[in-house]
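First comes the structure, then the notes that go with it.
The values are calculated or read from the model by the stated rules, or taken from the named source; none is laboratory data. Since the structure is predicted, the reported quantities are computational estimates derived from the model, not experimental observations. Note: ideal-geometry Cβ built from the backbone for every residue, glycine included; neighbour counts use all protein chains shown.
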Amino acid sequence: MLDVRKGFRADDPLRALGISRPAPIFDDAQRQALAGRLLAGDAPEAVVADLARDGVALPLARAEVEAALAHPYLKAAALLQARLAKRDWLLESRARLEREALPEVPRRHALAADVFHAEQYLPLKPVVISGLFDHWPARQWTLEILAARVGNPEIEVQSNREADADFELNSLRHKAKWRWHDLIEKLHTTPRSNDFYVTANNGGTNRRALAALWDDVGDMPGYLAAGPMGDGFFWMGPAGTITPWHHDLTQNLLVQMAGIKRVSLVSPLETPRMRNHRHCFSRFGSDATLADAPADTRPRILTVDIGPGDALFLPVGWWHHVEALSLTIGMSFTNFVWPNDFSSFYHSDGEV
């Protein structure tokens, strides 16, 4: 952490050179990067040395760093950083206790709604529940059934994902219109790919296009509010489809009709370790193991496989990465009978 009281010596030889202000060699982006390093705790002399190695004259490099250390904006940023560090300490303290209290994602069968609410929903603990929707005709969905039930409407698909490392962050660019039967045929002939996937990002269009399917989606009394179950989000894709690390702004219930998904989860208490860079996304991206992080800074990962008949509760704020181990068909729901509005007071979209 930056200590703004630690600048350079009062007898710094730079002053003897008569340099009181930095030369106009630095632009705003360079100064922002310099300030970022100082706020991250890099020693001022180390920053100066790096600037000198990059070709900046040593006196000018020292003058620029000293000006940054003395600037009231940076001092204000350092105070805010100290407050954030206090919050991070509290999160880390709770995370250490949670690692012992929640060693794995539990599995429960036909969990009563009131028990789920008290033991999972309110304390924000993930759980896999079986026996909640075995009565749905959708539990029998196959590609053949889906092809016969829907006709051949135009649907929306996330496509051309493999050429873009940030395919989920740039999801709007990857929306494409396909015919339903073309998608079914693609799934038959492409056993493994991350290039095309029907996801929640396509929900608006596909709720209408796939309306014939929603009669197969039954109710879930005590858990989900009464109403059109087609208001959920439909997911379908081949083995190899990936949803990279992110967190949601609502409580979610992910239900699996066909195939197996591997879900990796990290507690929101470990958010300071998750390299959150924009909105709800992590720079770890598609790396399920977080292998890029040194072991001593790597968050604790919980991994669980969900198959047909499983419902995974994903609490708000829990980071998750999802990989299909086979062709998968499923849905996700946010229409719980309990309050589920956590986005109306979310104000950092576009800021980070």
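List of remarks:
- Conditions (1) β-branched (Val, Ile, Thr); (2) under 21 Å from residue 162 (Cα atoms); (3) surrounded by fewer than 17 Cβ atoms within 10 Å (Cβ to Cβ): number failed by residue 352: (2)
- Within segment 71-95, residues that are farther than 26 Å from residue 317 by Cβ sit with their Cβ atoms under 9 Å from residues that are at pLDDT below 90 and surrounded by fewer than 15 Cβ atoms within 10 Å (Cβ to Cβ), at 6+ positions apart or across chains, in these pairs: 78/1; 78/3.
Each row is one residue, and each column tells you yes or no for (1) within 12 Å of the chain's Cα centre (by Cα); (2) assigned to a strand (DSSP E or B).
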{"residue": "244", "(1), (2)": "yes, yes"}
{"residue": "250", "(1), (2)": "no, no"}
{"residue": "255", "(1), (2)": "no, yes"}
{"residue": "264", "(1), (2)": "yes, yes"}
{"residue": "270", "(1), (2)": "no, no"}
{"residue": "277", "(1), (2)": "yes, yes"}
{"residue": "284", "(1), (2)": "yes, no"}
{"residue": "288", "(1), (2)": "yes, no"}
{"residue": "291", "(1), (2)": "no, no"}
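- Residue in segment 316-332 that is in contact with a Phe, Trp or Tyr (Cβ under 7 Å, 6 or more places away or on another chain), over 27 Å from residue 204 (Cβ atoms) and not in a strand (DSSP E or B) present: no
- The listed residues are 302, 265, and the only one of them that is crowded, with 21+ Cβ neighbours inside 10 Å and in the same structural domain as residue 145 (by TED's automatic domain parsing) turns out to be 265.
Conditions tested, residue by residue: (1) over 28 Å from the mean Cα position of the chain (by Cα); (2) part of a helix (DSSP H, G or I); (3) surrounded by 13 or more Cβ atoms within 10 Å (Cβ to Cβ).
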{"residue": "187", "(1), (2), (3)": "no, yes, yes"}
{"residue": "194", "(1), (2), (3)": "no, no, yes"}
{"residue": "202", "(1), (2), (3)": "no, yes, yes"}
{"residue": "207", "(1), (2), (3)": "no, yes, yes"}
{"residue": "212", "(1), (2), (3)": "yes, yes, yes"}
{"residue": "219", "(1), (2), (3)": "yes, no, yes"}
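- Residue within segment 111-126 that is without any contact (Cβ under 8 Å) to a residue 40 or more places away in the chain, under 21 Å from residue 316 (Cα atoms) and surrounded by 18 or more Cβ atoms within 10 Å (Cβ to Cβ) present: yes
- Scanning segment 37-83 for residues that are acidic (Asp, Glu) and under 33 Å from the mean Cα position of the chain (by Cα) returns a single hit, 42.
- Residue, nearest to residue 313 (Cα to Cα), within segment 166-185, restricted to residues that are under 23 Å from the mean Cα position of the chain (by Cα), of a type outside the set (A, V, I, L, M, F, W, C) and surrounded by fewer than 17 Cβ atoms within 10 Å (Cβ to Cβ): 171
- Leading residue by the ranking (surrounded by the fewest Cβ atoms within 10 Å (Cβ to Cβ)) among those in segment 333-348 that are of a type in the set (S, T, N, Q) and over 16 Å from the mean Cα position of the chain (by Cα): 344
- Note on segment 84-109: among residues that are more than 20 Å from the chain's Cα centre (by Cα) and among the small types (Gly, Ala, Ser), the one that is farthest from residue 265 (Cα to Cα) is 85.
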